[in-house]
Each structure stands twice: as structure tokens, then as C-alpha cells.
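Trainee: Below is one structure. I have some questions about it.
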Amino acid sequence: MPESLRQFADTYLMWQEGPMIWISDVLILLTSVGIVATLTYFKKWKWLWREWLTTVDHKKIGIMYLIAALLMMFRGGADGLLMRTQLAAPGMHFLDAEHYDQIFTTHGTIMILFMAMPFIFALFNIVVPLQIGARDVAFPYLNAISFWLFFFGALLFNISFVFGGSPDAGWTSYPPLSELGFDNGPGENFYLLALQISGIGSIATGINFLVTILKMRAPGMTLMKTPLFTWSVLSACIMIIFAFPALTVALALLMLDRIVGTHFFTILQGGNPMMFINLFWIWGHPEVYIVVVPAFGVFSEVVATFARKETFGYTSMVAALLSISVISYFVWAHHFFTMGAGADVNTFFAVATMAVGIPTGVKVFNWLFTMYRGRIRMSLPMLWTIAFVPCFVIGGATGVMLAVAPADYQYHNSYFLIAHFHQVLIGGVVFGMLAGMYYWWPKMFGFKLDERLGRWAFWFFNIGFYVCFMPQYALGFMGMQRRMYTYPADMGWGTLNFVSTIGAYLMGIGFIFIVAQVLYSIKHGERDLTGDPWDGRTLEWSLPSPVPHYNFAVIPTVTDRDMWWVLKEEGRTEELRPKKEDIQPIHMPKNSGRPFLMGVAFFVAGLGFVFNWYVLAVLGLLGVVVTLLRRSFEYDDEYYIQPEEIEHVESALGRL
Ligand code: HEM
Ligand SMILES: [Cu+2]
């Protein structure tokens, strides 16, 4: 027994890999023990289960997504800093080639799928129902399932670091590199299964919010009175629903190649790797818009609120969002202009790619016109929004440069590309999500995040950003390729790389300030007793912070775009206060542990497939089926909140 145990540990626990793994092992162990001990000591297990693990409340699910996104930003950022450390000088031996491969793979995958995605889902959940005057999403139970599939998918991906080994074929996972024969370890399987599991959750979220926005808006809120953040979510959901299935298929086929021995993507037996590459980007390009479009929504809300003006060109904003979601399907081949498609095909995709610049440009001008002559307040959400504009415009311009197909033969897969996509992903998505987090934080928790620490974070992060990524454009022109783990001194890339690494560390300091800001503000943050700390415009600001779990005691009837602002201007805010005679019993979904258990079952099945332990895989799948069946025969899944309780809550909040 001890011998087989040792063999097991030698095979899977990765300790021959060196001190980084041991330290991580110890840290993970200590953190886990710490969490269990704290929960036990403070007798919080029941609370954790009842209030969080079984919740179907969109606000709590949103908060859990937010925590997950911040944790993953830490993990992905640490990966980024490790890579930048290795590249700081020529000929470094900090990471070897194999580890560098693993780290750029986990960094890219985590940042896109397990940081950006949960971050946008956090805001979908926290904001959309409140903004459209609804009590929850259309399918609260499915919403919980989405979260737990995301969570266990992310967990599966992350444990590969200490158990079995990380994937190393890039976040794009192109065959033949990702096929058996080139990549025999379990890492690639971790990638495929983790993405598959969380991807199912994402599709469900797309459907859920599409239905919510189309069917659950308060009476009177026509589509053209719907706030722009909600519009951006609608646009993102359309893309999710049409794009993610392509990823599902691509991952499933590659999985079959690896497990069953099919040859979809192996040239030798008549397969074709280009099929994977096409499928991947048919999802992948819309995916980058999926994560950036909600950020556009945030900027629209923030600009209007902090310039105290109606958004300039509302209708053109909506048209721009919808055209972005359509055009995003016709540009995917710009990711492989150099892979032999021929001039006519390349021309089509080049022109389509440049066309996306038009609606995006419309949006940028609309934000600027909204700010023009506004009484702008420079609070944190606005600060990040203002920083976004130049950053994203440079990112967009370098994107158009990359879209010039013949010129792309020079830029392709160089550091020019790395600089470009970080500029749009950080300047667009990360800035947008942070702006949104600062903006809606008081709504979630009832207090503001500290401005002073937030400004430190802002400046470190922004200056760090330019110091890190501007030199990389030049490095690209100088011939430095992406995914390169080291370079010789005589290439002359040393100085610029060193500068770039300094910038990365400045951003790391910025992130530490954000963490400090959150921790500090929990104790000392300015409490928000009004429910409307920014003088907002949309319905969520008519509610107390934090919002009672049924959201609206009485569902409002909407008469205007920016309804709350109009009522404030006209001194009619009383109209949105609940009146005793209007309060009716509220129909709510019951909490359930099954979405969590289904996540566990998917995790077990995933782990089984990763290691080809089929007994475990079948057990996991059985678990999935059992939870599904039990859900099908679950009839007692809702309850009513009685008027007395609502009156009690509302009068305690001083609203009755
Ligand atoms: C602290 C901030 C960040 C730093 C220092 C950083 C650094 C890096 C580095 C050094 C690489 C590898 C370049 C190469 O060798 O090819 C990389 C790749 C990548 N990064 Fe970042 N990054 C940061 C933030 C982000 C964010 C926020 C996202 C997405 C939302 C992101 C997405 C990616 C992707 C998709 C790749 C490509 C991975 C691959 O080649 O498979 N990064 N990053
Ligand atoms: Cu693209």
C-alpha cells in the first residue's frame, strides 16, 4: 500500500517540479485548513450553506462571481508577473521553457474564461434585475446552476497546477500541439473539461439573461426605455448564445481525438487542424466582444451619471451594440490571415474587421459628447472611464493595423499583437469591470470603497499599464515573437523588456492597493444610507443599499428613460416608495442545494475523464443525472413572502 501510494504521489503530485509547487502545495493546504478552522470556530458552516451555497438570489450569486473574478485576477496576474520576470533580461533561468508554456496557457485561459467572464456575470447578476424592475432573473435555479458549473470548472482548471500538471498548448489549444502524441499529460484534458463544464454554465447564463431582459422588464419599460447597461447585456447574451456552441463542439471533438482516438484534427488520418482553429475563433472572436460589450454598458451608465447628463445618442448606442454583436461573427479569420486562406478570403475578413471600428467609434464619440459641457465629478468610476477612452482608442487603432491582412504578415504572433490585445482587454474589460465594481459596490454592500486608496490603485495600475505594454509594440517591430521563453542578448531586446517588466510590477502594486482598499473600506468605508450615493439615474438607485432580498416591495411602473433621474428632477421620488395598500404577497423561489451538488458531480466526472479513470467519470455523470432527475420531480420549490414581513422590512428601512 505505501508503495502504491508513493507511486500515486510521484505521478500526480508534481513534487519533482521544484519549490514553486511545494510552496503552493503548502499554501493551499494552509489556506484550506485555515478556512475550515475559521468556519468551524465561528460556527459558520450552516450560514455558509444556507446563505450562500444554496442561494438562488441573483444578488448573492453576483457577489460570489465577483469574489471568484477577483481571486482569478490575482492568479492570472501572478502568472503574468512570473512571465514578465523571466523576460526581464536576456538568457534568464527563472522559468524553463516547459514552465513558461504552462504559464502563458493558464494565464490566458484564466484571464479570459475565469476572470473576465465571471466579472461580467457578476455585474449581469447584480445589476440587470434591479435596473429593469424585476424581482430576480427569469430562471433563478438555472442561474445557480450556471454559477456552480463555472465555479467547479474553474476549480478543475486550477488544480491542474498541483495535481497532474498544467496545460501547455496555449489558451487557443491548437492541434496538432494539443493532440495526443504531442501532449500526453493530463494538462490538456484539464483544459478541455474545465472549459466544457464552465461553458455549459455560460450558455445557460446567456439564455437566462436574454429571457430576463426580454420578458421581465417592469411595466412601461419598453425596449427603447431600457438602460444602456441592460442593452449591453442583451447584446452580449446574443453573442454568448450563438458563439459558445462552437466552442462546445470544438472542445468535444478534440476530446474525442484524445480519449477515443478519432482523427478530426490530425492530418495523418485525413483530419484537419484548421477545422479546430476555425471553430475556436468562431467562438473566440465573439468572445472578446462578449467580455468588452458589458464594459461599454458600464461606461455608458457611469458617463451619464457623473456628467449629470442624458447619454448622447441613446438610439445610436443601441444600434451600435446590436451591430457589434452581428458583425462579430464575420471577422474570425483575422486570427489566421497567414495560414493560407488566400487573398479573397483575407480581404473579406479584413474589411469586416475594420467595419467593427465604425459602431465602436460611434460609441466613443457619444461618450465624449455626453461628457462635453457636463458637470463632471471625478469619482473612481469616472476616473477609470476617462482612462479607458484613450487606452481603448489606441488599442482599436492598433487593431485596425493588424486587420490590414498583408501587413499582418509582419505583425502576426509578435509582441505587437500581445500589446494590442492587452490594450483592449485591460483598457476595455478590466477598466470597465473595475469602474462597474466601484459604481455598484455601494448597492451591493451598503458602503463605498475608499477614494484615497482607490486613487493610488488607479495611478499605479494606469502608469504601470503604459510602461508595461507600450514597449511591446516596439519589441514586436523588432522581431520579438509571442510565447518566447527567453532571448539572446544580441537581439537588443533587453532594455525594452526590462522596462516592460517594471510596468507589470507597477500594475501588481495597483492590484494590491485594490485589495487594501476593499479590506480598509469594510471597516472604514463611507456608509450609504440613501441608496443613491452617486445621484444615479436608473431604477436600482431608487432602492435601499443593500437591496432587500425581494428587490422591489412594489414593482414600479416605468414612464421614462432614466426614470429615477426624471422623478428626482420633478420632485416626485415618493412615487417609487412602496405604499402599504399596494403591498402583495411576493412569490419567491426556494433555496436549493442541488445546483451546488450538480457542480460537484460535474467536477467528479471531469476529474475522471481527465485521468481516464472511467469509474469515477461514470460516478460523476450518474450524479449529474440523479440531480437532474430529482430536480424534475421537485414540486415544492417556491414560497410567498407575506405582506407583514415586507412591511416590517420596509419600515425598518424607513420607507413606509
Ligand atoms: C498584470 C497584467 C498582465 C500582465 C503583466 C500580462 C502579461 C502577459 C504575458 C507576459 C503574456 C505572454 C506573452 C507571450 O509570451 O506570448 C501574456 C499573454 C496573454 N495574456 Fe496577459 N497579462 C496581463 C493581463 C491580462 C489580462 C487582463 C488578460 C485578459 C483579460 C490577458 C490575456 C492574455 C492572453 C489571452 C494571453 C495569450 C496567452 C497565450 O499565448 O496562449 N492578460 N500576458
Ligand atoms: Cu478577433
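The values are calculated or read from the model by the stated rules, or taken from the named source; none is laboratory data. Predicted model, so just to flag it, every value in this text is computed and none were measured. We place every Cβ from the backbone using ideal geometry, glycine too, and count neighbours over all the protein chains shown. Each accessible area value is taken on the protein alone, full model and side chains, heavy atoms only, with ligands, DNA and RNA left out. Shrake-Rupley method; radii C 1.70, N 1.55, O 1.52, S 1.80 Å.
Trainee: Short version: ³J(HN,Hα) in whole Hz for each residue of the stretch 181-191, in order, from phi by Karplus 6.51 cos²θ - 1.76 cosθ + 1.60 (θ = phi - 60°), x for Gly and Pro, what are they?
Mentor: In residue order, the calculated couplings are x, 9, 9, 8, x, x, x, 5, 5, 4, 4 Hz.
Trainee: Considering only protein heavy atoms and a 1.4 Å probe, what is the carbon-and-sulfur percentage of the accessible area of the stretch 378-469?
Mentor: 76
Trainee: What FRET efficiency comes out for the pair Arg483/Phe74, r = Cβ-Cβ distance, R0 = 35 Å, nearest 0.05?
Mentor: On the way: r = 23 Å, r/R0 = 0.65.
Result of the calculation: an efficiency of 0.95.
Trainee: Taking each pair of distinct Cα atoms in the stretch 41-153 once, what is the resulting Kirkwood hydrodynamic radius in Å?
Mentor: Details: mean 1/r = 0.0623 Å⁻¹.
After inverting the mean inverse Cα-Cα distance, the result is 16.1 Å.
Trainee: Here's a follow-up. Which three numbers, in whole Å and largest first, are the semi-axes of the equivalent ellipsoid of the stretch 391-490 derived from its Cα gyration tensor as √(5λ)? Display every interim value, and only then the final one.
Mentor: Details: eigenvalues 226, 51, 19 Å².
Rounded to whole Å, the semi-axes are 34, 16, 10.
Trainee: If you don't mind, there's one more thing I want to ask. Heavy atoms only, probe 1.4 angstrom, no DNA, RNA or ligands counted: give me His263, His99 ranked by accessible area, highest first. Intermediate values should be presented prior to the final figure.
Mentor: Details: His263 80, His99 40 Å².
Descending order: His263, His99.
Trainee: At a 1.4 Å probe, what is the % contribution of carbon and sulfur to the accessible area of the stretch 134-224?
Mentor: Heavy-atom surface of the stretch 134-224 belonging to carbon and sulfur, 1.4 Å probe: 75 percent.
Trainee: Once you list every other residue whose beta carbon is under 14 Å from the beta carbon of Met83, what net charge do they have if Lys and Arg are +1 and Asp and Glu are -1?
Mentor: Working: positive: Arg75, Arg84, Arg482, Arg483; negative: Asp79, Asp96, Glu98, Asp101, Asp168.
Surrounding charge for Met83 is -1.
Trainee: Where does the charge balance sit around Thr266 when Lys and Arg score +1, Asp and Glu -1, over other residues with C-beta under 9 Å from its C-beta?
Mentor: Numbers: positive: none; negative: Glu179, Asp257.
With Lys, Arg at +1 and Asp, Glu at -1, the neighbours total -2.
Trainee: Let me ask another. What translational diffusion coefficient, to the nearest whole µm²/s, does the stretch 509-549 have by Stokes-Einstein, given a Kirkwood radius computed over alpha-carbon pairs, a temperature of 37 °C and 0.692 mPa s viscosity? Write out the running numbers ahead of the final one.
Mentor: Values: Rh = 11.9 Å.
Value of D from the Cα-based Kirkwood radius: 275 µm²/s.
Trainee: Over the chain, how many percent of alpha carbon pairs lie in each 20 Å bin up to the one with the longest distance?
Mentor: Here the calculated profile for the chain is 18, 53, 27, 2, 0.
Trainee: Give me the aspartates and glutamates in straight-line cross-link reach of Lys523: C-alpha distance below 17 Å, same-chain residues under 8 apart excluded.
Mentor: List returned: Asp450, Glu451.
Trainee: I would also like to ask the following. Where does the longest stretch of the chain lie that holds no GluC sites (Glu not before Pro) found in a DSSP loop with 15 or fewer other Cβ atoms within 10 Å? List each step's numbers first, then the result.
Mentor: On the way: sites that count: Glu310, Glu526, Glu570, Glu634.
By the stated rule (loop sites, at most 15 other Cβ atoms within 10 Å), 1-309.
Trainee: List the pairs from Lys44/Lys580; Lys44/Lys590; Lys59/Lys225 whose alpha-carbon separation is above 27 Å, in the order I gave them.
Mentor: Lys44/Lys580
Trainee: Follow-up question, since we're still on this one. State the answer as a single residue: which of Gly399, Ala341, Gln410 lies farthest towards the positive end of the charge dipole of the chain, with beta carbon charges of +1 for Lys and Arg and -1 for Asp and Glu, about the Cα centre.
Mentor: So the residue we want is Gly399.
Trainee: What spacing in nm lies between the two simple spin-label points modelled at Val345 and Tyr614, each 7 Å away from Cα in the Cβ direction?
Mentor: Calculated label separation equals 3.8 nm.
Trainee: When N is the residue count of the stretch 98-157, what does its C-alpha Rg come to as a fraction of 2.2 N^0.38 Å? Working shown, then result.
Mentor: Working: Rg = 15.0 Å, N = 60, 2.2 N^0.38 = 10.4 Å.
Cα Rg divided by the expected 2.2 N^0.38 Å: 1.44.
Trainee: Something else: Rounding to the nearest 10 and keeping the result within 0 to 90°, find how far the Cα-based axis of helix 97-109 lies from the longest principal axis of the chain.
Mentor: Once rounded, the angle reads 20 degrees.
Trainee: Follow-up. May I ask for the Rg/Rh ratio of the stretch 1-51, computed from Cα atoms with Rh as the Kirkwood radius, given to two decimals? All intermediate terms of the calculation are to be shown ahead of the outcome.
Mentor: On the way: Rg = 16.0 Å, Rh = 13.3 Å.
Expressed as Rg/Rh, it is 1.20.
Trainee: Round to a whole number: what % of the accessible area of the stretch 234-273 belongs to carbon and sulfur, probe 1.4 Å? Can you show the working numbers first?
Mentor: Numbers: 1190 of 1620 Å².
With neighbouring chains kept in place, the figure for the stretch 234-273 is 74 percent.
Trainee: Follow-up. Work from the charge dipole of the chain (Cβ charges, +1 for Lys and Arg, -1 for Asp and Glu, about the Cα centre) and give the residue of Thr172, Val326, Asn591 farthest towards its positive end.
Mentor: Asn591
Trainee: Find how many whole Å separate the alpha carbon centroid of the stretch 55-100 from the alpha carbon centroid of the stretch 488-535.
Mentor: After rounding, the separation between the Cα centres reads 14 Å.
Trainee: Give me the accessible area per residue for the stretch 192-299, probe 1.4 Å, as a whole number in Å². Provide the component values of the computation, followed by the final result.
Mentor: On the way: 3220 Å² over 108 residues.
Accessible surface, normalised per residue, equals 30 Å².
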